[in-house]
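> Pasting in a structure now, in structure tokens, and then I'll have a few things to ask.
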Amino acid sequence: MLNTRLLKSMMVKYGDTQSSLAEALGLSVSRLNAKINESAGAMFNQAEIAFIISRYSLTTEEASKIFFA
């Protein structure tokens, strides 16, 4: 289960909005929002997770807390 609160805090820390992160990932804002809220079974794929880890310079522990809570 995704730790939405922690992901959103990282977005704020790095000055991202859903719009800017969606654009960087090549997603629509609505699709990113679905993935963040895990609605209708939407989930981040491995490439998207790797991109977010790199974008926010996440440690292994931070990534685990966000994506594998």
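> Please report the relative contact order for the chain, taking Cα pairs under 8 Å with a sequence separation of at least 6, and give it as a percent rounded to a whole number. Walk me through the intermediate numbers first.
Values: 45 pairs, mean separation 33.8, N = 69.
That works out to 49 percent.
> Could you list the GluC sites (Glu not before Pro) in the chain that lie in coil according to DSSP, counting only those with at most 13 other Cβ atoms within 10 Å of their Cβ? Numbers along the way, then the final one.
Working: sites: Glu23, Glu38, Glu48, Glu61, Glu62; in loops: Glu38.
In loop regions of the chain (DSSP not H, G, I, E or B), the sparsely surrounded GluC sites (Glu not before Pro) are Glu38.
> In nanometres, what is the gap between the two model label sites at Met1 and Arg55, each 7 Å from Cα along Cα-to-Cβ?
The answer from the label model is 2.4 nm.
> While we're here: Taking 0.36 nm per residue of separation and subtracting the Cα-Cα distance, what length does fully extending Lys8 through Ala42 add? The partial results should precede the final answer.
Working: separation 34, 0.36 × 34 = 12.24 nm, distance 1.68 nm.
Contour length minus the Cα-Cα distance gives 10.6 nm.
> Let me ask you something else. Can you show me the helix-derived [θ] at 222 nm for the chain, built from DSSP H runs with n ≥ 4 at -39,500 (n - 2.57) apiece and divided by the number of residues, rounded to the nearest 500. Walk me through the numbers before you get to the answer.
Details: 5 runs with 45 residues, N = 69.
Theoretical 222 nm ellipticity from helices: -18500 deg cm²/dmol.
> Ordering Tyr14, Tyr56 from largest to smallest accessible area (1.4 angstrom probe), what's the sequence?
Numbers: Tyr14 95, Tyr56 0 Å².
Highest to lowest solvent-accessible surface, that is Tyr14, Tyr56.
> Read phi for every residue in segment 51-61 and hand back ³J(HN,Hα) as whole Hz from Karplus 6.51 cos²θ - 1.76 cosθ + 1.60, θ = phi - 60°, with x for Gly and Pro.
After applying 6.51 cos²θ - 1.76 cosθ + 1.60, I find 5, 5, 4, 5, 4, 9, 6, 6, 6, 4, 5 Hz.
> Could you calculate the contour length gain from Phe68 to Val29, that is, 0.36 nm times the residue separation minus the distance between their Cα atoms, to one decimal place in nm?
Working: separation 39, 0.36 × 39 = 14.04 nm, distance 2.25 nm.
Result for the pair: 11.8 nm of gain on full extension.
The values are calculated or read from the model by the stated rules, or taken from the named source; none is laboratory data. This is a predicted model, so every value here is computed, not measured. As a convention, Cβ positions derive from the backbone with ideal geometry for all residues, glycine included, and neighbour counts pool all protein chains shown. These accessible areas exclude ligands, DNA and RNA; they are computed on the full protein's heavy atoms, side chains included. Shrake-Rupley method; radii C 1.70, N 1.55, O 1.52, S 1.80 Å.
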